[in-house]
Amino acid sequence: APHSLPQSKAPRFEVQLNHRLRRAHRYSVVLYLIRRHIQEFDFINCATAMSRLGHLSVSLGSSEHQALCGSTELSLLLAKIENSMWDFNPQAMANTIWALGRLRHNPGGQFLQVLADRALWCLNSFKPQEMSNLVWGVA
């Protein structure tokens, strides 16, 4: 009988990256991970990075907040999200828009149109909390 190769015990890189994003306690760490690994980000990494930035933004002064919202890294992340929005599930969409609302950052009409199209496509799949986060983030 043929022998199968042992399965690797190491988690996929995207899983490891998500753990690093979730553990980030400074927005500069999130921006570093975006800068270094944006090409490897999957939709979960994108949503997690946005969520962390939203959570961490509450402790920022106005100059830090401006720097974050004007950063190349945030622009790269938003472009990645816009280009992969059709991979996003309702939770990832809701967390992303919630974070943009928390950041008080408008990503622009094209981004919001892609999000609206995607959200309408899977509207029946949204849980109440996800719908609430989505609506809050847009408001």
Would you mind checking which residues have amide H under 5 Å from S71's amide H? H placed 1.01 Å from N; only 5 or more apart, or other chain. none
For volume of the Cα convex hull per residue in Å³, pick the label among [x] 140; [y] 84; [z] 110 that corresponds to the value derived from the coordinates. [x]
If you average the alpha carbon positions of segment 104-118 and of segment 16-31, how far apart do those two centres end up, in angstrom? 24 Å
Heavy-atom accessible area per residue of the chain, all protein chains kept, 1.4 Å probe, expressed in Å², is 60 Å²
Per-residue [θ]222 nm for the chain (sum of -39500 (n - 2.57) over DSSP H runs n ≥ 4, rounded to 500): -21000 deg cm²/dmol
Can you give the extra length, in nm with one decimal, that the chain gains between N124 and R35 once fully stretched, where that is 0.36 nm per residue apart less the Cα-Cα distance? 28.6 nm
So, taking all protein chains as they sit and a 1.4 Å probe, how much accessible area belongs to V29, in Å² rounded to tens? 50 Å²
Efficiency of FRET from Cβ geometry, H25 and A139, R₀ 35 Å, rounded to 0.05: 0.80
Share of accessible surface on carbon and sulfur in the chain, whole %, 1.4 Å probe and ligands ignored, is 53 percent
Select from F111, F13, M50 the residue farthest towards the positive end of the dipole of the chain; place +1 on Cβ of Lys and Arg, -1 on Cβ of Asp and Glu, and compute about the Cα centre. F13
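The values are calculated or read from the model by the stated rules, or taken from the named source; none is laboratory data. Since we're looking at a predicted model, the values are computed, not measured. As a convention, Cβ positions derive from the backbone with ideal geometry for all residues, glycine included, and neighbour counts pool all protein chains shown. Heavy atoms of the whole protein, side chains included, go into the accessibility calculation; ligands, DNA and RNA do not. Shrake-Rupley method; radii C 1.70, N 1.55, O 1.52, S 1.80 Å.
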